[in-house]
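A short write-up of the structure that comes next.
The values are calculated or read from the model by the stated rules, or taken from the named source; none is laboratory data. It should be emphasised that the depicted structure is a prediction, and the values quoted were computed from it without experimental measurement. Positions of Cβ are backbone-derived with ideal geometry, glycine not excepted, and every protein chain shown enters the neighbour counts. Only protein heavy atoms, including side chains, enter the accessible area calculation; ligands, DNA and RNA are left aside. Shrake-Rupley method; radii C 1.70, N 1.55, O 1.52, S 1.80 Å.
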Amino acid sequence: ANDNISNTYNGWIDLFGWGTSGYNGKYPYMSSEEDSDYYSNDIDGTNYDWGVYNKISNGGNQAGIWRTLTYREWDYVINGRTNASNKRGVATVNNKNGLVILPDNWLNPSGVVFISEVASNDGSEYYKTINNYTLSEWEKMEAKGAVFLPAAGLRSGTNMRMESSVTGHYWSSSMEHNLYFFSDDVDRGGSVNYSGLSVRLVKDVQN
């Protein structure tokens with residue numbers, strides 16, 4: 001439904017232009033292809049951050065307790081941790097393509113296999129043969145702390161790109177950087193403000 005977005009569309013969307021939290025006239029349904037129509041600075045700690053400004057209904061239901069990862073945090077999770085390459089792998093979960101990220105203290109649940117890293121093989125066939133989880137299998141993974149990032153492609157204006165592919169693009173709180181992944185690559189890239197990318201929020205917790 002992401003190619004139907006407009007100020008009159010009331011369906012679900014999951015790809016957002018830069019800083020379109022709803023604050024100061026920057027709304028999630030924006031589809032302008034002019035960079036100047038979007039917020040022009042980093043959103044770290046500002047109301048342009050989707051998590052800072054919005055109440056997350058299934059995460060405390062109050063504003064200000066969730067936020068977008070910085071690009072340094074994305075880079076640490078994907079590349080910087082000890083044995084980082086062993087703690088990520090592309091997968092299908094309930095027939096949806098995406099990337100699985102494991103916690104540092106990962107313990108594989110009984111009856112479920114995880115194969116780390118990405119492969120030098122492109123296209124959807126990779127996802128059909130590696131880390132293919134049913135919903136019940138994924139619930140076991142999630143209970144152990146695994147995180148799934150769906151590969152939702154991206155949007156330019158109201159035009160969807162790669163929505164049925166194996167590509168995922170996620171904003172960081174830095175305008176110049178975002179996370180992208182493919183079947184043979186996980187890295188940090190850059191996107192123009194009007195690109196519609198996925199958002200994954202995090203919450204700071206006390207140990």
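For region 65-73, check the following and say yes or no: at least one residue is in a loop (DSSP other than H, G, I, E, B), out of contact with any strand residue (DSSP E or B) (no Cβ under 7 Å at 6 or more places or on another chain) and of a type in the set (D, E, K, R).
no
So TRP66 ticks every box in (1) over 22 Å from GLY189 (Cα atoms); (2) out of contact with any helix residue (DSSP H, G or I) (no Cβ under 7 Å at 6 or more places or on another chain) but one. Which box is left unticked?
Of the numbered conditions (1) over 22 Å from GLY189 (Cα atoms); (2) out of contact with any helix residue (DSSP H, G or I) (no Cβ under 7 Å at 6 or more places or on another chain), the odd one out for TRP66 is (2).
Looking at (1) part of a loop (DSSP other than H, G, I, E, B); (2) open to solvent by less than 60 Å² (accessible area, probe 1.4 Å); (3) more than 17 Å from ASN193 (Cβ to Cβ), find the lone condition where SER21 falls short.
Here SER21 clears every test but (3).
Rundown of residues vs (1) at pLDDT 85 or above; (2) not in a loop (DSSP other than H, G, I, E, B), yes/no style:
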site	(1), (2)
GLY145	yes, no
LEU154	yes, yes
GLU163	no, no
HIS169	yes, yes
GLU176	no, no
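Collect the residues in region 24-55 that are open to solvent by 70 Å² or more (accessible area, probe 1.4 Å), under 15 Å from GLY157 (Cα atoms) and of a type in the set (Phe, Trp, Tyr), keeping them in residue-number order.
Correct list: TYR27, TYR29.
Taking region 190-201 as the search range and keeping residues that are over 11 Å from the mean Cα position of the chain (by Cα) and open to solvent by 20 Å² or more (accessible area, probe 1.4 Å), which one is modelled with the highest pLDDT?
TYR194
Which members of region 78-107 meet the condition of being assigned to a helix (DSSP H, G or I), in contact with a strand residue (DSSP E or B) (Cβ under 6 Å, 6 or more places away or on another chain) and surrounded by 14 or more Cβ atoms within 10 Å (Cβ to Cβ)?
ILE78 - this is the single residue of region 78-107 that is assigned to a helix (DSSP H, G or I), in contact with a strand residue (DSSP E or B) (Cβ under 6 Å, 6 or more places away or on another chain) and surrounded by 14 or more Cβ atoms within 10 Å (Cβ to Cβ).
Within region 119-132, is even one residue hydrophobic (A, V, I, L, M, F, W, C), under 26 Å from PHE16 (Cβ atoms), modelled with pLDDT under 90 and in contact with a helix residue (DSSP H, G or I) (Cβ under 9 Å, 6 or more places away or on another chain)?
Looking through region 119-132, none of the residues is hydrophobic (A, V, I, L, M, F, W, C), under 26 Å from PHE16 (Cβ atoms), modelled with pLDDT under 90 and in contact with a helix residue (DSSP H, G or I) (Cβ under 9 Å, 6 or more places away or on another chain).
Return the residue satisfying two criteria in turn: it lies in region 56-69 and is over 19 Å from the mean Cα position of the chain (by Cα) and open to solvent by less than 60 Å² (accessible area, probe 1.4 Å), and of such residues it is farthest from MET30 (Cα to Cα).
If we take residues in region 56-69 being over 19 Å from the mean Cα position of the chain (by Cα) and open to solvent by less than 60 Å² (accessible area, probe 1.4 Å), then GLY60 is farthest from MET30 (Cα to Cα).
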